[in-house]
1. Based on the Cβ-Cβ distance from VAL216 to ALA64, what FRET efficiency comes out when R0 is 25 Å, to the nearest 0.05?
2. Over the chain, one equal point on each Cα, no solvent: what is log10 I(q)/I(0) by the Debye formula at q = 0.10, 0.12 Å⁻¹?
3. Tell me the carbon and sulfur percent of the accessible area for the chain, rounded to whole percent, probe radius 1.4 Å.
4. With a 1.4 Å probe and every protein chain left in place, work out the accessible area per residue of the stretch 5-214 in Å², rounded to a whole number.
5. Can you work out the FRET efficiency for the pair ASP8 and LYS258, with r the C-beta to C-beta distance and R0 = 41 Å, to the nearest 0.05?
6. Applying 1/(1 + (r/R0)^6) with R0 = 22 Å to the Cβ-Cβ distance of ASP71 and ALA301, what FRET efficiency is obtained, to the nearest 0.05?
7. Using helices alone, I'd like the mean residue ellipticity at 222 nm for the chain: each DSSP H run of four-plus residues gives -39500 (n - 2.57), total over residue count, nearest 500.
8. Report the charge-dipole magnitude of the chain in Debye, nearest 20, computed about the Cα centre from +1 at each Lys and Arg Cβ and -1 at each Asp and Glu Cβ.
Amino acid sequence: MALPPVFDKLRLPVIGSPLFIISNPQLVIAQCTSGVVGSMPALNARPASQLDEWLAEITEALAAWDKAHPDQPAAPFAINQIVHKSNDRLEHDMQMCAKYRVPVVITSLGAREDVNQAVHSWGGVVLHDIINNRFAHKAIEKGADGLIAVAAGAGGHASVKSPFAMVQEIRQWFDGPLALSGAIASGGAVLATQAMGADLAYIGSAFIATHEARAVEGYKQMIVDCDSDDIVYSNFYTGVHGNYLKGSIRNSGMDPDKLPESDPTKMNFATGEGSNSAKAWKDIWGCGQGIGAITAVTGTADLVERLRREYAAARVRLR
Ligand SMILES: Cc1cc2nc3c(=O)[nH]c(=O)nc-3n(C[C@H](O)[C@H](O)[C@H](O)COP(=O)(O)O)c2cc1C
């Protein structure tokens with residue numbers, strides 16, 4: 001099935017995925033003007049009233065870009081909504097998305113029919129992120145337009161599933177929009193997602209090491225300096241398993257290879273806080289396994305340009 005027309009303006013089949021705390025209007029605008037979907041969690045705007053300002057800023061910047069570059073229009077932007085019951089801002093944040101007719105809404109942690117219908121009422125597209133085939137079925141039954149398969153090795157809350165297993169299973173029954181995430185940080189890997197049957201690569205950690213990302217320099221540099229050996233998969237900080245940079249855990253005085261188990265019932269998905277997580281995300285740095293491909297902190301446009309070059313070269317290689 002063809003992708004919805006909103007994705008026609010992409011110059012590379014990539015979504016810059018939402019990153020708690022880190023994504024901001026600067027990063028989103030740079031991603032979209034570079035030709036990939038830019039996104040951010042609504043919850044990054046704090047207080048809630050800041051979302052109105054941020055959406056105005058993004059909408060105006062992209063309109064100005066399109067006016068100045070009619071032959072190279074910006075890719076659409078996306079807002080991530082945590083639809084879990086612990087998010088008491090959801091109604092307000094959805095009203096803001098309606099006001100700006102946000103073109104793509106990425107929903108996480110529970111699929112909600114009313115949210116999907118609301119997005120459709122202004123012509124938006126909903127992509128729901130899932131970690132297994134059962135949740136994928138549920139999301140489509142509840143009216144999501146497409147899926148984001150979060151596979152093993154992804155930054156933040158990741159699954160333990162092979163990307164091959166996930167895409168193969170989903171493509172047995174679903175031919176709609178499918179993005180794939182987990183450790184993608186090269187143009188060859190973007191092409192591989194399409195070869196497997198997905199439509200779009202969903203990339204997070206690589207964008208943390210950009211000038212526009214709202215992360216401290218030590219975090220960006222650790223991504224440049226580290227590789228997959230430096231990532232630990234643990235539920236200690238939020239109650240849900242996720243991938244983190246071991247160095248940030250050592251900096252907090254703990255041994256990343258000896259972390260105890262956590263209590264999932266203590267998790268608050270809206271704040272990112274769980275039973276042991278006073279510092280999760282801010283000081284304990286989420287990160288996927290794909291960072292061996294990141295060798296420098298660069299501008300977002302330069303990162304996307306590298307991906308585009310590598311993607312083109314991979315296509316030639318496979319001819
Ligand atoms: C620091 C960090 C914060 C994240 N925050 C969110 C979030 O708020 N909402 C969400 O849906 N996904 C979040 N994710 C997951 C990403 O959107 C995406 O699934 C993941 O980064 C893809 O894997 P990669 O990092 O290996 O590219 C986060 C990931 C990281 C690394």
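The values are calculated or read from the model by the stated rules, or taken from the named source; none is laboratory data. Keep in mind that what you see is a predicted model, and the values were worked out from it rather than measured. Here the Cβ is made from the backbone with ideal geometry for all residues, glycine too, and neighbour counts use every protein chain on show. Surface areas here come from the heavy atoms of the whole protein model, side chains and all, with no ligands, DNA or RNA. Shrake-Rupley method; radii C 1.70, N 1.55, O 1.52, S 1.80 Å.
1. Step by step, r from the Cβ atoms, then E = 0.25.
2. At q = 0.10, 0.12 Å⁻¹ the computed log10 ratios are -0.51, -0.76.
3. Answer for the chain: carbon and sulfur cover 53 percent of the accessible area.
4. 37
5. 0.25
6. Calculated value: 0.85.
7. That comes out to -10500 deg cm²/dmol.
8. In total the dipole reaches around 400 debye.
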